[in-house]
Amino acid sequence: MIYKKSPEEIATMRRAGKVVADTHERLEEAIRPGVTTAELDRIADEYIAGAGGVPSFKGYRGFPRSICSSPNEMIVHGIPSEDVVLEDGDIVSLDIGVILDGYHGDSAWTYAVGAADAAAAELLKVTEASLDAAIGQTRPGRRLGDVGYAAQQVAEAAGFSVVREYAGHGIGRSLHEEPWVPNYGPPGRRELLSAGMTIAIEPMVNAGGAGTKVLDDGWGVVTADGSLSAHFEHTVAVTPEGHEVLTRRGPL
Ligand code: MG
Ligand code: MG
């Protein structure tokens, strides 16, 4: 069952998305060599509470922290830790979810810590472009296969792989709703998009193979081959004219 949202519900999700975007801006300022992922989690937790929100991930299926922080070869779901000290040349994916007035916003971004080398910088650029291409297909009349195919094409044209086991999702009153939003085709298949649908689109792109592995903590997901991975995500509403990105940075 896909729950379509009214314009009023989308307005609430826009406010939730704004808190998510603003939290990303705070964290981007705080990322530097020597910072721990636990410190980033604390900054996010305090900012979200101050904005009147609740972190979507805290306590979700027992997740112990407010954000997910996934460095280097980690794809998603990393638990922030005092033991994870970010170093110059690392990349780190930060995934932030916020509930505000009963509705969720969800957005991930991968950041360079200090100076990224050329290979890492290319992976970040391509993964962001993969997300942009997928968002570009998000409008009434297109299908989720078109959205996923667009993400896949950009990643694979650069020689990278899209993760298959994890995907985007419908979002609204629940963090994860139907439909499943995979980052691959074929085009012309899967659910038809129509105005009022709200989805999180989130390509996870590996520099090497697409394979994944879950760590012993039961949360962190890493690339099977140890290659770098990046993750870019926006919460997007399908509108009569096309789409609106609800977690876009900057003034509303
Ligand atoms: Mg997310
Ligand atoms: Mg998500």
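The values are calculated or read from the model by the stated rules, or taken from the named source; none is laboratory data. What you are looking at is a predicted structure, and each value in this text was computed from that prediction instead of being measured. A quick note on method: Cβ atoms are made from the backbone with ideal geometry, for glycine too, and the neighbour counts reach across all protein chains shown. Ligands, DNA and RNA are stripped out before the accessible areas are found, and what is left, the full protein with its side chains, is counted by its heavy atoms. Shrake-Rupley method; radii C 1.70, N 1.55, O 1.52, S 1.80 Å.
Using a 1.4 Å probe and counting only protein heavy atoms, arrange His231, His77 so the residue with the most accessible area comes first.
My answer, sorted largest first, is His77, His231.
Hey, any idea what % of the chain's accessible area is carbon plus sulfur with a 1.4 Å probe?
Of all accessible area on the chain, carbon and sulfur atoms account for 51 percent.
Rank Ala134, Tyr111, Ala155 by how far each Cα sits towards the positive end of the charge dipole of segment 107-159 (+1 on Lys, Arg Cβ; -1 on Asp, Glu Cβ) and give me just the farthest.
Ala134
Note down the accessible area of Met74, probe 1.4 Å, to the nearest 10 Å².
30 Å²
Can you compute the charge dipole magnitude of segment 94-136 about its Cα centre, using +1 on each Lys and Arg Cβ and -1 on each Asp and Glu Cβ, nothing else charged? Give it in debye, rounded to the nearest 20.
About 60 debye.
Take the Cα coordinates of segment 7-245, assign each an equal point scatterer, and use the Debye formula without solvent to give log10 I(q)/I(0) at q = 0.13 Å⁻¹.
-0.73
Can you work out the accessible area per residue across the chain, with the rest of the protein chains kept in place, probe 1.4 Å, in square angstrom?
Counting only protein heavy atoms, the per-residue value for the chain is 40 Å².
Which of the lysines could a cross-linker span from Lys4 if the Cα-Cα distance has to be under 29 Å and same-chain partners fewer than 8 positions apart are dropped?
Once the sequence-local lysines are set aside, what remains near Lys4 is Lys18, Lys58.
Suppose every Lys and Arg Cβ carries +1 and every Asp and Glu Cβ carries -1, with no other charges. What dipole size does the chain come out with about its Cα centre, to the nearest 20 debye?
Here the chain has a charge dipole of around 1020 debye.
For every helix of n ≥ 4 consecutive DSSP H residues, a contribution of -39,500 (n - 2.57) applies; sum these over the chain, divide by its total residues, and give [θ] at 222 nm rounded to the nearest 500 deg cm²/dmol.
Mean residue ellipticity, 222 nm, calculated: -9500 deg cm²/dmol.
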